[in-house]
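Before any comments, here is the structure.
The values are calculated or read from the model by the stated rules, or taken from the named source; none is laboratory data. Treat the numbers as computed from the prediction; the structure is a model and nothing was measured. Don't worry about glycine lacking a Cβ; one is built from the backbone with ideal geometry, like all the others, and counts go over all protein chains shown. SASA here: full protein model, heavy atoms, side chains in, ligands and nucleic acids out. Shrake-Rupley method; radii C 1.70, N 1.55, O 1.52, S 1.80 Å.
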Amino acid sequence: GEIETDVACTQVLKDGKILYVPRVGLDFEKCDMDLVKVVPKEKEEEEQLFHHDWPRNKWGIPEPPTDVEHETAGPGDIDLLVVPGLAFDVYGGRLGQGKGYYDRFIAKINPRTDDDKKTLLVAVGLKPQFLDGDNDGVVPMAKYDFFMDKVVLHDGVVTLSKK
């Protein structure tokens, strides 16, 4: 499973910050993803989250409706990106689901040059998903994979090591 982010997303909106959420359901064959800006309703009901009436994609994940115009994130729009995964390691390595949705998206918004503003990449997971590098090994990384800047587990932030 993945970490539940509803409480954090709700708090972001309550704090008046801008929230973008992933949308992958436009074309599953391309394995492409964008992030769509959430525009909260004028009076959101306390019991119902902003996505309660959104359609579900093929994995049962709520996504912004396609029949409404949405603002999507581009380079420089996102300060912090919460990234899910199957496994994470002490070096910031991340193993996703294998389709490359997040890595392709990160490549679009986060140039690999040091001159540009970078989006902080924060992996979120559960303790059993974390590989300590000693007994557990490390996540295999390819040239197109992105290392995370932080790894947050349910019991705190992991101090990452340099490889």
Restricting to the range 142-163, count the residues that are open to solvent by 50 Å² or more (accessible area, probe 1.4 Å), more than 13 Å from Val90 (Cβ to Cβ) and out of contact with any helix residue (DSSP H, G or I) (no Cβ under 9 Å at 6 or more places or on another chain). 2
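Looking at Lys117, Lys99, which one is among the basic types (Lys, Arg), farther than 18 Å from Glu4 by Cα and free of Cβ contacts under 8 Å to residues at least 60 places away in the same chain?
Lys117
Quick grid of which residues meet (1) surrounded by fewer than 16 Cβ atoms within 10 Å (Cβ to Cβ); (2) farther than 25 Å from Asp34 by Cα; (3) touching a Cys at 6+ places or on another chain (Cβ under 9 Å); (4) of a type in the set (Gly, Ala, Ser):
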{"residue": "Pro84", "(1), (2), (3), (4)": "no, no, no, no"}
{"residue": "Tyr91", "(1), (2), (3), (4)": "no, yes, no, no"}
{"residue": "Gly100", "(1), (2), (3), (4)": "no, no, yes, yes"}
{"residue": "Phe130", "(1), (2), (3), (4)": "no, yes, no, no"}
Is it the case that the range 36-55 has a residue that's at pLDDT 75 or above, in contact with a Gly (Cβ under 7 Å, 6 or more places away or on another chain), closer than 22 Å to Asp79 by Cβ and open to solvent by less than 60 Å² (accessible area, probe 1.4 Å)? no
